[in-house]
């Protein structure tokens, strides 16, 4: 195996495949990239137990030669070391050669590195075959589905299924749902009514996929019984699914009859919540909204440090007097995810889950369970 | 105690005094700032066991009123909470009032905070009196003394005296020395020949002082038997000294007769060392310089990952063939501290400490003990 390659394109491929390299590799070969030089170009594969990424550095790009002097072959190289070595080269072109199946010699005419290889046979087989149907989505749609929901997924492994985002296609809608059981985030987009599936994809992997979409317009998605594939550009991402029935997929979980409505400028609400939550330093910041006809206040207090209160001015409130307390982070993340200038908060009652929406976009809903006031 | 104050100037004072607030306060009152409103303005004091900072927010600055509606008094308030609350206010002016000696009410007309106070009597007495002689230094001189040496001080408490920078005035020279026993950094400047003292000041505190000098031209320094005071602008910093005899203060520790000289472009050396040290991921990166008449190479190798080598081009080498190995971080920090385009490395022999200097400035010397090559 031998080739001369454009440094920036090589590094780009390594960085893409590097998203699959975990800190705790379940198998010593999985700290490595598998490099395959084929007639198509340089194929780079990285994987761990849950995710696999395959990407191609093509022989040429926009009529510009990327790879030359190529002689086919394969090699396994430590992913972190290879990436950092390639990143640090100053030259624009690198020559790469496997010597005695044991060492990769990489050279830019100024620096020379000899990196130890592992036997190629030790790399596991990775099933990247598409099974079942696939469909295409605009990248911007997949980004919206993920970025408006992923923050609500559980970030601990205490209930693995809650670390997933549930993607469900039914009746012409593709819906993403994430919940950590104290809050829920849901976003829908319109799709082909023929499409029908429900899969639980780790939220972390979906976030990685979205970050990798940069520069692509469309992504092809192929969900099947045990995996989901995303292909875009010259990259393919495979994610394992989290088995089990996703909770809270029913539409009934979102209340539809409310007794109180607060319309408020999003950034004023965010600033007030951020300011008063400074006082709570020891645990999840509990912030209280006190709403009545003539005024709406955001406040918090702590026995240790003191109390803070701020009156909101750009508001419209409909309903009786209501006090409701919540985790400041949950409300801030939900409001930011909506990305709108104004938000509407709808309440059923003091201890009932409440809803935050963008009044101009009903495709996203954020549901939050209140906390007890003291 | 009551006052109305310009928010930015209040915050500036809190941030300055905040440099004295440690994560582990040795006394529960020391998590607080002491605020004293006097005829001069608002005095803010922060301290821990080793450092104390006193700063004044004056009543007016450049004919602009900073403090008004003042009624004198004192208060103790949690330093972190007060700073973050003041930082988050949106208004340009804050009103501050102590109520019942128990609560500080702070208001910008929009948000209102009530912060718990501690009894003022619990704050320890802090001796900020100047004893002994003092002298003035340009801030740029103190910055140079500290920034060109502090990195060589020990960053663990295993030998407390090595966490200090020794400041010694003698025979018209003020010399700063820092060493962790494997390397030494020394910088001198000219001072009044009458000046004579030797003190060990924690390197961390000197670095803080240097960071606080921003905006001042001159600093007054008053070293005495048990403390050193730095005053600049409306701020006073007091540091305890580290008792004991500082090692390696003699000039003889720096070799003066060398057998090998390497003159090299600083950034080429830094880049080469940085590049080859990528391979060593498990411990301090050992990098080797191999020097001879016709070529100079920087290299490193690791049984696990492989090897890297780079030939330096912008060099002038004088001497027999020599291989010398060193901690990559030590050489990088020393070369950076010199801040020059070219550096001269002078060697006595393979296992003898070597010296790095700026060939155009003999006021700084960096001494490094080599490591064994394998």
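Summary of values
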item: Label geometry 7 Å along the beta-carbon vector: residue B:121 inter-copy distances in nm; result: 8.4
item: Added length on full extension, which subtracts the Cα-Cα distance from 0.36 nm per residue, residue A:329 to residue A:263; result: 21.8 nm
item: Rounded to 10°, Cα long-axis angle of helix A:203-212 versus longest principal axis of chain A; result: 60 degrees
item: The stretch A:285-374, relative contact order in percent, only Cα pairs under 8 angstrom and at least six apart counted; result: 25 percent
item: Burial ordering of A:351, B:118, A:345, fewest other beta-carbon atoms within 10 Å first; result: A:351, B:118, A:345
item: Inter-chain Cβ neighbour average for residues B:110-121, partner chain, 10 Å; result: 5
item: Max mean-square fluctuation residue, GNM over chain B, Cα-Cα springs under 10 Å, options B:81, B:201, B:355; result: B:81
item: Helix axis angle, B:7-18 relative to chain B longest principal axis, alpha carbon, degrees; result: 50 degrees
item: Value of relative contact order over chain B, rounded to a whole percent, pairs C-alpha under 8 Å and six or more apart; result: 12 percent
item: Exam field: residue A:193 pseudo-label spacings to other copies (7 Å along Cα-Cβ), nanometres; result: 10.1
item: Crossing angle, helix A:328-338 versus chain A [Cα axis fit, 0-90 degrees, rounded to tens]; result: 70 degrees
item: Label 7 Å beyond Cα on the Cβ vector: residue B:71 copy-to-copy distances, nm; result: 9.1
item: Ranked packing of A:46-55, A:65-74, A:180-189, B:291-300, most packed first, by mean Cβ within 10 Å; result: A:46-55, A:180-189, B:291-300, A:65-74
item: Centre separation in Å (Cα based) which lies between the stretch A:183-239 and the stretch A:1-65; result: 21 Å
item: Fewest-first sequence of A:365, B:15, B:120, B:276 by Cβ atoms within 10 Å of each Cβ; result: B:15, B:120, A:365, B:276
item: Computed [θ] at 222 nm, deg cm²/dmol, chain B (DSSP H ≥ 4; -39,500 (n - 2.57); rounded to nearest 500); result: -5000 deg cm²/dmol
item: For the stretch B:2-122: relative contact order, % (alpha-carbon pairs under 8 angstrom, 6 or more apart); result: 29 percent
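Read the figures in this text as sums done on the coordinates, not as results from a lab. The shown structure was predicted, so the numbers you read here are calculated from the model rather than taken from an experiment. Cβ atoms come from the backbone with ideal geometry, glycine included; neighbour counts cover every protein chain shown.
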